[in-house]
Structures are given as structure tokens and as C-alpha cells.
1. What angle do you read, to the nearest 10 degrees and between 0 and 90, between the alpha-carbon axis of helix B:258-268 and the longest principal axis of chain B?
2. Please report the relative contact order for chain A, taking Cα pairs under 8 Å with a sequence separation of at least 6, and give it as a percent rounded to a whole number.
3. Over the whole of A:237-248, what's the average partner chain Cβ count within 10 Å per residue? Rounded to a whole number, please.
4. Can you give the local net charge around A:N278? Use residues other than it whose beta-carbon is closer than 11 angstrom to its beta-carbon, Lys and Arg +1, Asp and Glu -1.
5. For B:69-75, what's the mean count of beta carbons from other chains sitting within 10 Å of each residue's beta carbon?
6. Quick check on chain B: take the gyration tensor over C-alpha atoms, sort the square-rooted eigenvalues as a ≥ b ≥ c, and tell me if it's rounded (a/c under 1.5), prolate or oblate.
7. Sort region A:148-281 into rounded, prolate or oblate with this rule: let a ≥ b ≥ c be the square roots of the eigenvalues of the Cα gyration tensor; rounded if a/c is under 1.5, and if a/c is not under 1.5, prolate when a/b is larger than b/c, oblate otherwise.
8. What nm distance separates the two modelled labels at A:H106 and A:R361, each placed 7 Å from Cα along Cα→Cβ?
Amino acid sequence: MNRMPAWADAVLVPLISILLAAILSALVILAIGENPVAAFSLMVEGALMRSTGWGYTLYYATNFTFTGLAVAVAFHARMFNIGGEGQAMIGGLGVALVALYIPWPHWTLALAGATLAGGLFGAAWAFIPAWLQATRGSHIVITTIMFNFIAAALLNYVLVNLMRPVGAMEPASATFPPATHLPTFQDMFAFGGTLFRGSPANVTFFLAVLACIAVWLLIWRTRLGYEIRAFGHSDTAARYAGISTVRITVLAMLISGALAGLMGLNTTMGEAERLVLNATEGAGFIGIAVALMGRSHPVGVFLAALLFGFLYQGGAELALWTDIPRELITVIQALVILFTGALDNMVRMPLEAMFGALRARRGPKPKPTSPRD
Amino acid sequence: MSFVRKTLGSVAALALSAGAALADPALIYDLGGKFDKSFNEAAFNGAQRWAEETGGEFRDIEIQSEAQREQALRRFAENGFNPVVTTGFSYSTIIANVAPDYPDTKFVTIDGYVDPEAHPNVLSILFSEHEGSFLVGMLAAMASESGTVGFVGGMDIPLIRKFACGYAQGVKAVNADATIISNMTGTTPAAWNDPVKGSELAKAQISQGADVIFAAAGGTGLGVLQTAADEGILSIGVDSNQNYLHPGSVLTSMLKRVDVAVYEAMSAGEELETGVQVLGLAEEGVGYALDENNAELIGDEMQAAVNEAQAKIIDGEITVHDYTSDDSCPALTF
């Protein structure tokens with residue numbers, strides 16, 4: 001097999017994919033009679049040139065980091081967790097319950113409590129599919145996606161019938177008490193000025209960065225991480241080595257669900273400060289694209305999350321100031337997902353062939369050594 | 001370098017054109033999107049009518065995520081748009097957060113409620129959907145031969161229960177023994193745009209004997225109306241006048257004049273009077289649609305009965321219970 005150097009695998013493939021997606025998007029924008037250069041510069045302007053734009057970009061990136069990490073951890077155990085959406089919803093429910101019904105004296109304590117609750121609720125939602133997969137062989141893709149719908153129905157029931165303040169029209173909980181207010185970037189960095197004014201990025205962003213480090217430590221520096229990777233590479237070999245497949249399946253999914261659940265911190269406690277019905281709005285699915293693009297590595301996930309944050313915020317600017325319909329903005333976002341996720345091999349295979357040819361020209365391969373030497 | 005300059009130039013041009021739009025009104029739709037043939041489209045039609053009649057311009061946005069609600073409000077307010085009109089109750093809490101930062105901008109929330117004393121620059125426009133639903137409920141009961149009528153709601157939220165509850169009361173007012181079958185399409189926002197499921201629900205209700213079905217379900221309702229026409233029973237449309245969709249099968253439509261509300265807010269411009277407006281039967285904010293498409297379906301007797309009830313509701317002689325006032329309904333259990 002032709003192997004590429006690591007830098008090409010990690011940097012070159014995603015870059016070329018994004019470039020292809022950008023070219024195709026430009027053609028689509030041209031086709032409806034708008035100027036792609038103006039559209040792109042408007043996206044950059046709106047997402048990266050103003051502090052408020054960064055505030056939104058980082059807010060979205062925080063969501064995608066959590067869900068991307070969730071999918072990545074499951075990927076390492078060769079499992080496809082499509083249930084990030086539902087796990088994030090239920091995680092948000094946990095966050096809301098803790099923030100509403102426990103009188104916290106200070107936001108730091110509230111954040112710690114909500115982190116615990118969000119993680120626990122998310123993990124609990126992932127537990128049943130994981131257990132079914134491990135002991136009954138029910139395919140995790142099917143069960144997790146079905147649990148998304150159950151989560152949506154459950155959340156709707158809880159919001160409409162239990163948590164909604166009487167007389168309120170919206171299916172949303174009451175606003176959290178002020179003591180649970182998480183510092184936004186404006187609170188932290190503006191010092192009374194207008195830096196990051198009104199943007200939703202908050203202290204949870206740093207929690208997402210910490211989560212990246214924690215996942216890296218877990219996967220590559222702990223025994224559990226080793227077991228997860230071993231199980232992912234070959235479950236029969238892992239079983240032969242004495243690794244319990246039930247235990248690894250359940251643990252990997254619990255960690256995955258907990259990470260997805262933590263997304264609720266950002267949307268529910270950081271941004272809305274109350275539990276709204278569709279707080280996750282597809283971030284669980286974007287997480288799949290983020291994990292694919294980031295090669296299931298925390299650094300890659302973080303960078304991919306930033307890219308998608310930019311696409312979301314840039315897309316909002318396009319919707320605000322141009323007549324490009326929002327369906328087309330979704331098309332542009334989808335093209336990036338398509339090229340970085342689904343069509344990965346289209347870029348990868350020619351590149352691999354190219355690197356193989358380069359290597360072959362540089363010199364003949366060393367003969368494989370026999371086991372006896 | 002010239003590429004960069006050209007790029008910067010076009011950005012500047014865009015920024016300028018945004019700045020030049022001083023004191024134009026802006027319209028922010030709910031997640032359902034601009035062309036939902038129902039609620040948001042009614043708002044768009046109102047704005048469009050204003051633009052055509054006055055030659056003015058307005059900017060609108062279809063948001064894609066929850067976080068964009070606040071973003072769109074702030075960006076429009078910062079760029080001098082006035083008033084900023086929003087459709088859907090989901091904006092009320094966010095407007096309450098944003099409005100104090102832009103005291104010179106008038107915000108309008110249609111279907112939402114913002115405390116007028118705490119936020120003097122916000123106009124809340126509410127509709128008495130239960131009153132309009134009561135009238136179409138009466139028509140349904142009078143048109144029904146089987147004594148069983150149906151209701152198909154969109155997403156199961158209090159607002160739709162308010163429709164259902166008013167409808168059920170109207171039915172019971174005419175025929176106390178009538179059976180009302182009530183179904184909600186779903187529990188996620190996708191329920192607003194699922195005509196296939198609307199059609200399935202309508203078929204299920206027909207098999208239970210329903211011969212008039214009221215659809216208060218946005219785009220999903222189109223499936224209900226279609227199935228009713230195919231199966232030869234009657235249906236009732238919602239928000240906009242949908243009688244024309246299947247002439248002879250759509251008994252009437254429960255009108256909710258979102259278009260009028262938007263038109264009037266934009267006409268008032270910066271001089272908009274803020275506070276709380278409740279548009280009911282008396283204000284002609286809600287009502288039932290009567291045109292050449294359903295003239296044959298609604299006889300003089302029916303019309304007289306409904307008009308009498310309408311007068312009594314306006315006088316306060318009949319009070320229609322509002323589900324959202326205490327989260328309960330005397331005529332229907334959910």
C-alpha cells in the first residue's frame with residue numbers, strides 16, 4: 001500500500017478538500033447571479049474581522065468541538081455514534097435541571113455542577129444503545145439515531161408539560177437564576193468596552209479546549225485508551241488479549257455520550273440561559289463531519305470545529321446582507337461536509353498514488369525482512 | 001494585490017449599502033422559513049404589500065439557528081433598521097434581552113409577549129386564535145354529518161393547543177355530543193413541514209368517522225387539505241386564506257391576519273406605538289374566510305349562526321376559554 005507522509009495526511013488532504021468545496025460553492029453562487037468573491041469576503045468580514053463575529057464563530061466552534069470529540073472517541077472503538085444530537089439534548093436537560101433547581105452561590109460551582117450533570121445525562125442517554133450493542137449486537141447506528149427521536153420527544157414533553165412557566169407560550173424552561181450566569185467573552189475581555197458585545201461565546205470555550213486535551217490524554221496516554229484503540233483495530237485480537245468487549249463498548253460510548261452532553265453547557269447555560277427546545281440544532285450531526293475531517297484527533301477536531309464555526313457565522317452574515325437564500329447557504333455547508341467526509345478518498349487516493357510514485361522514483365524499496373533476521 | 005483591493009472594495013460597497021438603508025424596516029422570520037404558505041409567508045406578504053404601496057425597501061432574514069435570533073436583532077438594530085419586526089413567540093425572551101441596548105429602535109414581536117413597562121420600545125402583537133378557532137369549530141360541527149370532527153395540529157406546543165381548545169369549544173357549542181379527534185403531528189419543528197404525515201393523520205381520522213378536519217399545522221396542513229379533498233370530506237385551513245387550494249372541499253380557513261399586523265407596523269415606521277396589542281374578532285385580527293370558493297359550502301343558516309356567535313364574543317356574552325391562560329381546556333383533553 002502507498003503510504004503518505006503524516007503531514008500530507010493531516011494537512012494536505014483536508015486543505016485540498018476544502019479548496020474543492022470552495023470552488024464548487026463559488027460556481028453555485030455564480031449560477032444564481034451573485035458575486036462569489038464578494039460573498040466570500042463578506043463571510044470573512046463577518047466571521048473573522050470583527051470581535052463579535054469571532055464571538056459567534058467560537059461559540060459555534062465550542063458546540064462542534066464537543067460533538068466532534070464525542071464522535072471521535074466512539075470512532076476509536078470503531079463505533080459510529082450518530083446519537084450526539086440526542087445526547088446533547090438530554091445533556092442540556094441535565095444542565096437545566098441543575099441550574100434551575102439548585103441554589104448555587106457562585107457561577108464556578110454552578111459550572112462544576114452543571115458539567116457533572118450534563119456529562120452524566122449525556123452518558124446515560126448513550127448507555128442503552130451501548131449496552132444493546134455490547135450484549136445483543138443491536139447495531140449502534142440504528143439505536144443511536146432512534147434515540148435522537150426519543151430524546152426530542154422526551155424533551156418536548158418535559159418542556160411543554162413540566163418545566164414551562166405557566167402561561168408562557170414558548171416550550172422553554174424559565175430563565176436560570178443570575179448566579180448561574182457564565183461569564184461571556186465580553187465579561188472576560190472587554191473591561192466595560194464593546195469588545196465581543198452581545199456575542200454568545202463564553203467560558204465554556206475553554207472547557208472545550210480542556211476536553212480536547214483530556215481526550216488526547218485518554219486515548220494515547222491511558223490503559224483504557226489503549227484498550228479502546230486495540231478494540232477498534234480488531235475486536236477479536238482485543239478479546240484474545242483479555243480485553244472485555246462489553247466493557248470497552250459501554251465505556252467508550254459513555255465517554256462519547258458525556259462529551260456530547262457537555263455541549264448543553266454552551267448552548268443552554270452559556271447562550272440561552274434557559275432550556276429551549278431545539279438548542280442542539282444539528283450540532284450532533286455536524287460533529288460527525290468534524291470528527292471525520294479532524295481524523296478523530298483532538299487537534300484536528302478543534303481545527304475542523306473552528307472551520308465549521310466560521311461557516312456557520314459566515315453563513316449568517318450572508319443571510320443578513322445578501323439575497324442568497326438560506327437553502328443555498330446550507331448547500332455550501334453541505335459541500336464542505338461532502339468533500340471532507342464522504343468524498344475523502346477522492347482526494348486521498350490520487351495523493352497516495354502521487355506520493356507512491358515520488359518514493360518509487362527516489363529509490364527502490366528496501367526488501368522486506370524475514371521474521372528470522 | 002489588485003484582487004485584495006477588489007475584494008475590499010466590494011465589502012465596502014456592501015457595508016455602504018447596508019448603511020444607506022437608514023430607518024428602513026427589517027423583518028426576521030421564525031425557523032419555519034419565509035415561504036411556508038402559512039404564518040411566515042403571511043408576514044412576508046404584509047411586508048411586500050407595504051413595499052409595493054410605499055415604494056419603500058425592507059430587509060429580511062430567514063434564520064438558521066437559535067443563536068441567530070439575537071444576532072439578527074442586534075445586527076439590524078446596529079445598522080439603523082427601524083422598526084425590527086419578528087414573527088413567532090420564540091423571539092419574545094430574546095427581544096427583552098436585546099431591546100434595552102438599543103433604546104432608539106422599535107422592536108415588534110408577533111405572537112410573543114414582552115413586558116411593556118420594562119421595555120418601552122417593544123410592541124407585542126398577540127392574536128386571539130381561540131376566538132377564530134371557535135367560529136370555525138361551529139362551522140365544522142354544523143357541516144358535519146357524522147358528528148365526528150378532527151383536528152390536526154403541527155408541533156405539540158401551547159399555541160397549537162390554544163387553537164385546538166377554541167375549536168373544540170366551538171364544536172361543542174353547536175353539538176354537545178360531538179366527538180373531537182385531536183392529533184399532533186410531532187414533537188420537533190419538523191412537524192411544521194411534514195405534509196405526508198399530515199395526510200396519514202387525516203386518513204386515520206377519516207377512518208374513525210371524521211368528516212371535517214381542521215389543520216393548524218403550517219406546511220403539514222397542506223397534506224391534510226389534499227387528503228380531505230381526495231377522500232371527499234371537508235377541511236379547514238389556517239392563518240392565510242387557503243380556500244382556493246381545493247375549492248369545494250375546504251370548508252373555510254381560520255384567518256390570522258399576520259400580514260395586516262406587519263403591514264401596519266411597517267407603515268407606522270419609527271413612529272410606531274409600542275405596548276401590547278391583542279387582535280381578536282373585534283379588531284378583525286382573526287376570523288373565518290368566506291369567498292367564492294366556499295360560498296356553496298356555508299349556507300345562510302350557518303353564516304347567521306356564526307355571525308351571531310361572533311357578535312356575542314365581541315360583546316363578551318360568550319367567553320371562549322384560552323388554553324394558555326391556565327394550561328387547561330374544558331372541551332378537550334390532550
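Rule-based calculations on the coordinates, nothing more; no lab input. None of these values were measured; they are calculated from a predicted model. When we count neighbours, we look across all protein chains shown, and the Cβ atoms used for this are built from the backbone with ideal geometry, even at glycine.
1. Helix B:258-268 sits roughly 30 degrees off the main axis of chain B.
2. Dividing the mean separation by the residue count of chain A yields 34 percent.
3. What the average comes to for A:237-248 is 0.
4. -3
5. Details: counts 2, 6, 14, 3, 1, 4, 7.
Taking all residues of B:69-75 together, the mean is 5.
6. Values: a/c = 2.20, a/b = 1.82, b/c = 1.21.
It is prolate, given that a/c is not under 1.5 and a/b is the larger ratio.
7. Taking the square roots of the gyration eigenvalues as a ≥ b ≥ c, region A:148-281 is oblate.
8. Distance between the two pseudo-spin positions: 6.4 nm.
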